[in-house]
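The values are calculated or read from the model by the stated rules, or taken from the named source; none is laboratory data. Just so you know, these numbers come straight off a predicted model, no measurement behind them. As a convention, Cβ positions derive from the backbone with ideal geometry for all residues, glycine included, and neighbour counts pool all protein chains shown.
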Amino acid sequence: MNHTAVVILNYNGQKYLSDFLPSVISNSSGAAIYVADNASKDDSIAILESQFPQVKIIKLNQNFGFAQGYNEALEHIKGQYKYYVLLNSDVEVPPNWIEPVLQLMKSNSNIAACQPKIKAYHEKTHFEYAGAAGGYIDRLGYPFCRGRVFLSLEEDLEQYNDNVEVFWATGACMFVRADVFHELDGFDGDFFAHMEEIDLCWRMKHAGYQIYTCGQSEVFHVGGGTLHKTNPHKTFLNFRNGLAMLYKNHPDKGLFKTILTRLILDGVAGVKFLLFDTWEDCWAVARAHFNFYANFGSWYKKRQKIKKRDNLGQIFAHNIVWQHFIKGKERFDEM
């Protein structure tokens with residue numbers, strides 16, 4: 001545990017710090033606890049200094065977002081710890097949440113990242129959207145989880161209490177080997193937020209590492225603490241970053257067809273937003289595509305830097321959109 005740092009990235013999250021830091025402090029004995037503050041404009045720093053003096057503070061000089069915010073913060077403690085636990089500020093942790101994950105990672109030095117089960121804070125019997133019991137992607141880069149397919153969330157009946165290899169671990173509570181994080185230059189800062197953990201995990205796989213989920217540990221996540229799911233900017237980031245992640249990491253085989261199909265399905269999603277949701281979300285999808293095209297040169301350079309392995313065999317071979325919305329499959333075990 002003394003080789004482990006729990007690092008919470010915060011932006012204007014004083015309420016979450018007051019509500020959830022006590023559980024982190026009480027149940028993380030032996031681990032160093034940091035809050036990296038993304039230049040908050042609320043009273044976060046004052047609350048930390050007055051109420052939680054045992055917590056170390058990393059003060060960033062601007063709001064770097066989730067991805068680059070963690071990159072900047074972890075540079076401050078580089079070389080001091082073997083494991084980082086990247087923990088959202090809106091997560092409640094119970095006793096014995098760290099030890100099982102660390103034991104699993106220590107048993108297999110090839111595990112670069114690992115997550116516990118992510119369950120809903122407001123409905124503790126069910127899995128939560130951001131990671132559930134371990135993440136996967138389909139052949140078009142759409143993410144889903146054991147315990148969560150799109151917005152369909154399963155009840156936790158201990159069906160995922162095992163330790164298994166997955167494709168990605170959630171950024172809401174990601175245990176990561178510090179040396180691997182820095183070896184791969186961390187998150188892609190241009191993502192700002194959303195999908196950056198899947199991009200990093202895919203790059204880890206290209207580098208020959210494994211990603212795991214640990215069924216003996218669980219935490220409880222509120223979700224939507226920074227950007228609510230109905231926020232058009234979140235829609236923009238999800239669609240733009242999803243395209244960028246897929247383009248950067250997909251092996252050469254089938255790349256053009258995969259990207260083209262994804263663009264078409266994104267267009268269908270945009271029409272659905274326009275007809276059944278809001279025009280702002282529809283416009284967010286269009287802006288995501290325009291932004292992807294405008295920055296294509298940057299994405300191309302990043303793609304060229306990745307020494308890609310053909311890991312398509314670890315990707316769900318079907319289209320999760322078709323399986324869920326057309327065939328009506330709602331549970332992971334139905335896929």
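Quick rundown of the values:
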| quantity | calculated |
| --- | --- |
| Looking only at the range 249-260, and only at residues there that are out of contact with any Ser or Thr (no Cβ under 8 Å at 6 or more places or on another chain) and in contact (Cβ under 8 Å) with a residue 60 or more places away in the chain, the one that is nearest to residue 286 (Cα to Cα) | 258 |
| Among (1) part of a helix (DSSP H, G or I); (2) under 27 Å from residue 97 (Cβ atoms) - the single one residue 212 does not satisfy | (1) |
| Some residue of the range 115-128 being more than 15 Å from residue 219 (Cβ to Cβ), touching a helix residue (DSSP H, G or I) at 6+ places or on another chain (Cβ under 8 Å) and modelled with pLDDT of 95 or more | no |
| Helices (runs of 4 or more DSSP H) contained in the range 250-335 and holding at least 3 residues more than 22 Å from the chain's Cα centre (by Cα), surrounded by 14 or more Cβ atoms within 10 Å (Cβ to Cβ) and not small (Gly, Ala, Ser) | 255-276, 279-294 |
| In the range 1-25, residue nearest to residue 171 (Cα to Cα) [restricted to those that are part of a strand (DSSP E or B) and not β-branched (Val, Ile, Thr)] | 9 |
| Extreme residue, surrounded by the most Cβ atoms within 10 Å (Cβ to Cβ), among residues of the range 185-202 that are outside any loop (DSSP other than H, G, I, E, B) and of a type in the set (Asp, Glu) | 197 |
| Residue among 246, 263 that is out of contact with any Asp or Glu (no Cβ under 6 Å at 6 or more places or on another chain) and touching a residue at least 40 places away in the same chain (Cβ under 8 Å) | 246 |
| Every residue from the range 231-249 that is farther than 13 Å from residue 300 by Cα and assigned to a helix (DSSP H, G or I) | 232, 233, 234, 235, 236, 237, 238, 239, 240, 241, 242 |
| Failed criterion for residue 246 (all others in (1) over 23 Å from residue 139 (Cα atoms); (2) touching a strand residue (DSSP E or B) at 6+ places or on another chain (Cβ under 9 Å) hold) | (1) |
| Neighbours by Cβ (under 8 Å, 6+ apart or cross-chain): first from the range 293-320, under 21 Å from residue 165 (Cα atoms); second of a type outside the set (Lys, Arg) and surrounded by fewer than 12 Cβ atoms within 10 Å (Cβ to Cβ) | 308/252; 309/208 |
| Subset of the range 66-106 that is in contact with a strand residue (DSSP E or B) (Cβ under 9 Å, 6 or more places away or on another chain) and small (Gly, Ala, Ser) - its residue that is nearest to residue 201 (Cα to Cα) | 69 |
| Selection within the range 254-279 - farther than 22 Å from residue 320 by Cα and either among the β-branched types (Val, Ile, Thr) or at pLDDT 95 or above (or both) | 278 |
| In the range 56-66, the residues that are in contact with a helix residue (DSSP H, G or I) (Cβ under 6 Å, 6 or more places away or on another chain) and closer than 21 Å to residue 32 by Cα | 57, 58, 60 |
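Matching residues to (1) of a type in the set (A, V, I, L, M); (2) modelled with pLDDT of 95 or more; (3) closer than 21 Å to residue 269 by Cα:
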| site | (1), (2), (3) |
| --- | --- |
| 145 | no, yes, yes |
| 154 | no, yes, no |
| 199 | no, yes, no |
| 204 | yes, yes, no |
| 207 | yes, yes, no |
| 213 | no, yes, no |
| 219 | yes, yes, no |
| 227 | yes, no, yes |
